[in-house]
Amino acid sequence: MNPAPAAPRQRLWRRLHVRAALVAVPLLLALGATMVLMLQHFSAQTALEAGQRMNLGLARYVVDHQPPGLIGADGRPDRARMKELGLHVMMINPSVEVYLLDAGGRVEGHALEGLQGPDPVGIQVDMAPMRRLLDQQATGELRLPVLGTDPRDSVSANTFSVAPVSSPAGKMGYLYIVLNGRQAQGVAASLSNSEALRAMAVGVAAAMLLAALVLLIAWQQLTRPLRQLTEELRAFRGDDTSLAANEPGDEIGVLRRAVQAMRSRIAQQFQSLEDGDRQRRELVSNISHDLRTPLSSIRGYVETALLRGDSLEAEARARHLRTALRHVDLLGKRIGDLFELSKLDAGRMEPRQEVFCLAELLQDVVQNYQLSAQQRGVQLSLSAGSHTQAKVLADIAMIERVLQNLIDNALRYTAAGGAVTLAIESHGAFMQISVSDTGRGIATAHLPHIFERYWRASEAGDSDASDTATSSGLGLAIVKRILDLHGSVVRVQSEMARGTRFDFLLPQAG
């Protein structure tokens, strides 16, 4: 047995591992971008925390090392002292901005040399972060960064250092130092587009693409058994492999449809087995019935002849024996039909193809049945134009059996004075053979059943018992099986009281 041809490869983008990679790559890139953003955010937070922790005591240090007088007796800041303070502090650390607040957190002064933009004097600083930071310094439980108000930026918060300061007159205030001033923010903004950050982004993207490639290769290896199983199922089902490339879905979808088709096929096979089992039971029942009737008749006539002995007249004895012999012939015919049908069903009969003249076969069959037709008063003939010399390729013995069964059936259901006609017609590369009669016809409701075993028109009340006394009920079933083996289909047309026509096709030779 030749191995099944390999199925064409499924379109690349429909493969499971490719589709998984197409989903994973955007997810990995999004994950990488999220990681970069989170890294930038936490790096900035860490930098803020480190800067605030390092400069947490800056405001206290400045207050402790400055002589009194930052706040004058009138409660207002000493501008000259603030300017001098700004020169010293901001020269050492240009990133800081020094402010002097009153007790309520209002900006009273600053040490911003060459200020550009709005003057922050009068800006209200939120006191809550200041108190929280002072409390943490007092208890030693620092949770940094603590962000407070940036007097020069009312939108964003900033890290700061704060210390209380008082005037000689007892006025209270705060020295408030913003640790991440405008100059430091400008430097940080310029670093956001630095080469290091770009290199980090490129590295993360490359890492994500490499991870996607590794996943693609891994998924390809993991799904290979699934693809092999799908191809094996497709080959087992005998599907058209040329359609595999256009089959929708990935391997899982294809496998799911293959399993569904396999389940449907198995269900059909189980149904076929159940039907076969039912038919076998019916066959046994019908055989027992059909064999019992002629055996009972034979037994009855033979017993009568034996019991009455010499008292039975010679003519009556001969009549009884002839009747018994007729039933013996009927019994033999039924057994022969059963044996032939069983061989056809079991596949033990294969047609032996040979070339023969179809018209000659039909003439022989008509001649063999002429006597029987005359006894019934039925005209049996081959139609005009059917004496062609066309030859066909088939099993001559099987086709003869088909014609015999069709003629038997036609004669049985055609009344005296009727006609049975055989005809041959050319249909391209085929020859059509038909057997038509002028009998009583078959009801439309019964046509689907006429090729079933043991179905007879008498079951529907269409014939007398005498018409079917010699019928085994298997003739048309045998006809259908033989023509199935030849790849042909028998068709039937019938009208009540008008007659019936059976026809089938055979291929012309050469």
Glu274 and Leu226 label points (each 7 Å along its Cα→Cβ direction) are spaced in nm at 3.4
Unit charges on C-beta of K, R, D, E only; dipole of region 56-178, Debye | 140
So what's region 56-178 giving for Cα Rg divided by 2.2 N^0.38 Å, two decimals?
-> 0.99
Which ³J(HN,Hα) values, rounded to whole Hz and listed in residue order, are derived for region 484-489 from phi using the Karplus coefficients 6.51, -1.76 and 1.60 in 6.51 cos²θ - 1.76 cosθ + 1.60 with θ = phi - 60°, glycine and proline given as x?
-> 4, 5, 8, x, 10, 10
Please sort 356-365, 297-306 by packing, taking for each peptide the average over its residues of neighbouring beta carbons within 10 angstrom, highest first.
-> 356-365, 297-306
Residues meeting the amide H criterion for His110 (H placed from the backbone, H to H distance under 5 Å, 5 or more places apart or on another chain) are Leu100
FRET efficiency (Ala47, Ala80; Cβ distance; R0 45 Å; to 0.05) is 0.85
Starting with the highest mean, order 481-487, 366-372 by the number of other Cβ atoms within 10 Å, averaged over the residues of each peptide.
-> 481-487, 366-372
What FRET efficiency comes out for the pair Glu303/Ala397, r = Cβ-Cβ distance, R0 = 45 Å, nearest 0.05?
-> 0.70
Pick out, in residue order, every one of the trypsin sites (Lys or Arg not before Pro) in region 351-448 that is DSSP loop and has at most 12 other C-beta atoms within 10 Å; say none if there are none.
-> Arg352
Set of lysines near Lys333 by C-alpha distance (under 19 Å), chain-local residues within fewer than 8 positions excluded = Lys343, Lys480
Tell me the label-point distance for the pair Gln137, Thr323, using the 7 Å Cα-to-Cβ offset, in nm and rounded to one decimal.
-> 13.6
Rounded to the nearest 0.05, what FRET efficiency do Ser311 and Arg491 have when you use their Cβ-Cβ distance and R0 = 56 Å?
-> 0.45
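Each value in this text was obtained by applying a stated rule to the coordinates, not by laboratory testing. Keep in mind the model is a prediction, meaning the values are calculated, not measured. So basically every Cβ, Gly included, is an ideal-geometry build from the backbone, and we count neighbours across all protein chains shown.
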